[in-house]
Amino acid sequence: MDSRRRKRLITELIPFVRRAGNAVRALQRSEIHAWTKADRSPVTSADLASHQILLAGCHSLVPDMPVLSEEDMMLAFSSLAGDPAILLDPLDGTKEFIRGGADFTVNIALVEAGLPTAGLIYAPAIDRLFFSYGRHEGFFQTSSAAPAPLLPMSCSRSEPIILVSRSHCDQRTEQMLQALKPCEVRRLGSSLKFAQVATGEADIYLRLGPMMVWDCAPGQAIIEAAGGVVLRLDNSRMRYDRCAAGRVEGLVAARTSELAARALAVFRGLPSHPSASNVDHLSSY
């Protein structure tokens, strides 16, 4: 997809993302109906309402493009390997949403030949929108203000700000945080962790446990647009045509490659990984 088409698609998807976010927010203010999916992750009526709005938007704008959603996994993950496809996470941070928190998001990623080339993250509770449609073409918007560009940040803090999941932080992550001191640790839900790295509000996001492709593809697109990096734990760039069953086995997201290298060097020095039975399941944030 050329840059002009990509930009037009993201621009036309923004109203649908906002509409989905507003629907989710309205349902949070009323009674929340929640239940548990087969993978033991929570789902609510808000997840499904957002899914329907986003899916309708995608089908109206790009009717021939494959759409893979967390709430409708009818397509094979192999569809991410070739022609453009869309990934949807209708409500990221469902646990925080159920608790009445503000750190939940609505996410979309465009994936081309296994790589995320554009992304949208909307946090309706704080009315912050983050989006990208290519390298050096990332933006954020607060309320009714005009979009502002995401600019590469090369300066370093004496104590980096490191983000980890509020709900899923395992023993290895705690060991890694100890090894990275001095640093400031913040615990946050949803893809807002990616967004805060992209804006320079934080330096590193650590996720050592498993997650799904729709959890990280939108954030990766936005971080890379701002000049940052999202890497697997083996130091390779995150790709989505190589994820068995859509599963990602951990990552490091950082606003510079130097910060990512520092984090991964510490990771390589950690004790042996715990058994799979001790790793949290895929309710990602």
Inset, instruction - Confirm whether Ala46 is aliphatic (A, V, I, L, M), touching a strand residue (DSSP E or B) at 6+ places or on another chain (Cβ under 8 Å) and part of a helix (DSSP H, G or I). - result: yes
Inset, instruction - Hey, can you tell me all the residues within the stretch 153-179 that are open to solvent by 70 Å² or more (accessible area, probe 1.4 Å) and assigned to a loop (DSSP other than H, G, I, E, B)? - result: Ser154, Cys155, Ser156, Arg157, Ser158, Glu159, Arg166
Legend entry - Candidate set from the stretch 127-150 (those that are surrounded by fewer than 13 Cβ atoms within 10 Å (Cβ to Cβ) and among the hydrophobic types (A, V, I, L, M, F, W, C)); member that is nearest to Asn22 (Cα to Cα): Ala145
Inset, instruction - Taking the options Pro42, Pro84, name whichever one is within 27 Å of Val164 (Cα to Cα) and either touching a residue at least 60 places away in the same chain (Cβ under 8 Å) or among the aromatic types (Phe, Trp, Tyr) (or both). - result: Pro42
Inset, instruction - Working only within the stretch 59-76, note down all residues that are in a helix (DSSP H, G or I) and surrounded by 20 or more Cβ atoms within 10 Å (Cβ to Cβ). - result: none
Inset, instruction - Just need a number here: residues in the stretch 192-210 that are crowded, with 22+ Cβ neighbours inside 10 Å and either at positive phi or within 10 Å of the chain's Cα centre (by Cα) (or both). - result: 4
Inset, instruction - Have a look at Asp103, Asp89 and point out the one that is touching a residue at least 12 places away in the same chain (Cβ under 8 Å), under 18 Å from Leu192 (Cβ atoms), part of a loop (DSSP other than H, G, I, E, B) and open to solvent by less than 30 Å² (accessible area, probe 1.4 Å). - result: Asp103
Inset, instruction - Output yes when any residue across the stretch 246-255 is open to solvent by 10 Å² or more (accessible area, probe 1.4 Å), among the small types (Gly, Ala, Ser), within 24 Å of Glu112 (Cβ to Cβ) and at pLDDT below 95, and no when none is. - result: no
Legend entry - From the options Leu208, Leu163, Leu192, residue that is among the aliphatic types (A, V, I, L, M) and under 25 Å from Ile10 (Cα atoms): Leu192
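The values are calculated or read from the model by the stated rules, or taken from the named source; none is laboratory data. Model, not experiment: these values are computed from the prediction. Note that each Cβ is placed from the backbone with ideal geometry, even for glycine, and that neighbours are counted across all protein chains shown. The protein model used for the area step is the full one, side chains on, heavy atoms only, and it has no ligands, DNA or RNA in it. Shrake-Rupley method; radii C 1.70, N 1.55, O 1.52, S 1.80 Å.
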